[in-house]
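Beneath this line is the structure, given in structure tokens, with notes to follow.
Bear in mind that the values in this text are calculations on the coordinates, not laboratory data. Fair warning: this is a prediction, and the values are worked out from it, not measured in the lab. Every residue, glycine as well, gets a Cβ built from its backbone with ideal geometry; the counts of neighbours run over all protein chains shown.
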Amino acid sequence: MSSFQGADFYNISSLLSDEEKAIQQSVRSFVDKEIMPVIAENYINHHFPKDLFLKLGELGVLGANLEGYDCAGLGEVSYGLIMQELERGDSGIRSAVSVQGALCMFPIHAYASEELKQKYLPAMARGELIGCFGLTEPDFGSNPSGMQTRAKKVGSTYVLNGNKMWITNGGIADLAIIWAKLEDEDNKVGGFIVPTNTKGMTIHNIEKKFSLNASITSEINMDQCVVPADHMLQVRGLKGPFSCLNHARYGIAWGALGAAMACFEEARDYAKTRIQFDKPIASFQLVQSKLTYMLTEITKGQLLVYQLGRLKEQNNYIPQQISMAKMNNVSKALEIARLARDILGASGITLEYNIGRHLMNLESVNTYEGTEDIHRLIIGEHITGIPAYQ
Ligand code: TGC
Ligand code: FAD
């Protein structure tokens with residue numbers, strides 16, 4: 001039995017099927033056994049345990065909401081619960097799984113030839129091959145439409161030149177999904193499956209991070225990188241990468257709740273045993289107010305993603321609903337982690353507790369996959385019909 005209770009104030013588990021509950025429990029146990037004992041050490045040493053991918057593959061969580069090709073074919077709520085449980089362990093571990101499934105396996109599943117699907121997807125589902133996703137560039141983060149990476153058709157190949165930045169899993173990846181402007185198609189955006197051992201591709205890990213330390217973040221340089229033309233994905237325009245982001249952002253909206261729930265439980269337990277002024281600090285109204293705020297925001301976030309998951313299962317959702325869930329749940333998780341850190345006083349800055357690590361991680365989660373403010377603007381455009389990015 002896990003020591004993690006997983007706050008459920010509105011009894012949302014009563015809305016889950018037996019299969020969904022069983023999946024949640026099995027990932028919870030996996031996190032207890034494989035992540036919790038080593039995560040603080042990995043975080044402090046800036047280490048991602050690469051062999052974890054094979055174990056995650058065995059657990060069936062890589063590309064878990066995809067059909068066929070040895071993927072688990074689970075529903076969207078099950079997929080969300082997996083992300084929530086993994087991020088209860090660490091945002092970096094959930095990141096690795098998000099990138100593998102939503103950002104690499106999904107575009108191969110949706111846009112690659114049958115031959116390449118057969119070649120890559122089953123091995124990726126087993127964790128034998130690792131993927132990364134290159135959209136962001138040093139000068140184009142929130143605005144990927146300005147990307148400088150170019151692909152030029154030469155005979156039966158494409159030649160890629162450019163730089164991608166802040167790429168999760170980069171340094172451990174076997175293949176990269178690279179987005180580039182197609183010189184021969186009026187600079188429309190296209191995507192490519194690029195094996196990372198392709199001549200001309202070099203990858204450097206970004207060191208000295210204070211966030212997502214147990215995740216690999218890299219820079220990818222492409223200098224006359226030649227890929228076969230059939231490695232191009234059959235999609236054109238920014239809707240290609242954005243369609244992948246929809247799935248990843250959905251998973252993050254669930255995942256952030258896992259981190260928030262971990263912070264809430266640790267802060268509550270600490271407050272009940274920490275004595276100041278001859279009383280547990282949990283008996284002070286100001287501390288209770290913080291705990292009440294935390295549980296309220298977790299509960300609201302849970303309702304948001306549960307309904308979004310059911311809408312997604314019916315394919316009856318719009319991307320702006322995903323933006324709202326990602327924006328709200330990550331921003332609230334960050335606030336909850338800050339409040340929890342405060343409740344722990346000085347102890348909250350050590351890695352003996354999980355809160356400080358979650359807090360630092362959530363700073364990245366609030367930025368990647370569209371910053372909090374970019375999602376605010378996406379929703380603003382939906383409300384008013386007026387884009388306010390420029
Ligand atoms: P815009 O003109 O609005 O749209 C261009 C085309 O794309 C279509 N589209 C979408 N399609 C599917 N899903 C969506 N969510 C879509 N949003 C837009 C749109 O219909 C249009 O199609 P078409 O056929 O007319 O060409 O594009 P814009 O350039 O004005 O975009 C504006 C903005 C700011 C919303 C967009 O650039 C944006 O979302 N920026 C944020 C960038 C971002 O999220 N980057 C993420 C990089 S990957 C990452 O962070 C991984 S972290 C991994 C981890 O560790 O978990
Ligand atoms: P900028 O775009 O420079 O934004 C800086 C600030 O300006 C933000 O506060 C932003 O909200 C604000 N801003 C920008 N434009 C506007 C506007 N129009 N109106 C109001 N405010 C605005 N990318 C990938 O492609 N693949 C990955 O695997 C990946 N993994 C990542 C892992 C980590 C740990 C991190 C931190 C990032 C990762 N990213 C990845 C990149 C990530 O998607 C970008 O960092 C993000 O999109 C923001 O871009 P930026 O950092 O260049 O910030």
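Before moving on, here are some points about what is shown:
- Residues in the range 346-366 that are more than 14 Å from Lys209 (Cα to Cα) and of a type in the set (Val, Ile, Thr) were compared, and the one that is surrounded by the most Cβ atoms within 10 Å (Cβ to Cβ) is Ile355.
- For the range 190-208, a residue qualifies if it is within 13 Å of ligand 2 (Cβ to nearest atom) and surrounded by 14 or more Cβ atoms within 10 Å (Cβ to Cβ), and the qualifying residues are Gly191, Ile203, Asn205, Ile206.
- Annotation note: of Ile386, Ile318, Ile378, the sole residue that is within 21 Å of Leu238 (Cβ to Cβ), aliphatic (A, V, I, L, M) and touching a Ser or Thr at 6+ places or on another chain (Cβ under 8 Å) is Ile378.
- Criterion applied to Ala325, Ala388, Ala333, Ala340 was being of a type outside the set (Val, Ile, Thr) and not in a helix (DSSP H, G or I), and the one residue passing it is Ala388.
- In summary, Tyr69 fulfils each of the numbered conditions (1) of a type in the set (Phe, Trp, Tyr); (2) farther than 25 Å from Gly301 by Cβ; (3) within 13 Å of ligand 1 (Cβ to nearest atom) with the single exception of condition (3).
- Top-ranked residue of the range 1-31 - restricted to ones that are touching a residue at least 40 places away in the same chain (Cβ under 8 Å) and more than 16 Å from Met83 (Cβ to Cβ), ranked as surrounded by the most Cβ atoms within 10 Å (Cβ to Cβ): Ala7
- Only one of Asn169, Asn143 that is closer than 27 Å to Asn45 by Cα and not acidic (Asp, Glu): Asn169
- Of the residues making up the range 354-365, just one is near ligand 2 (Cβ under 9 Å from one of its atoms) and within 16 Å of Ala325 (Cα to Cα), namely Val365.
- Complete set of residues in the range 133-167 that are surrounded by 13 or more Cβ atoms within 10 Å (Cβ to Cβ) and away from ligand 1 (no atom under 14 Å from the Cβ): Gln148, Arg150, Ala151, Lys152, Lys153, Thr157, Tyr158, Val159, Leu160, Asn161, Gly162, Asn163
- Among the residues examined, Ala253 does not qualify as more than 27 Å from Ala110 (Cβ to Cβ), under 20 Å from the mean Cα position of the chain (by Cα) and within 16 Å of ligand 1 (Cβ to nearest atom).
- No other residue among Gly162, Gly127 is part of a loop (DSSP other than H, G, I, E, B) and not aliphatic (A, V, I, L, M) apart from Gly127.
- Complete set of residues in the range 120-132 that are touching a Leu at 6+ places or on another chain (Cβ under 6 Å) and either more than 11 Å from Leu175 (Cβ to Cβ) or surrounded by fewer than 24 Cβ atoms within 10 Å (Cβ to Cβ) (or both): Ala123, Ala125, Gly127
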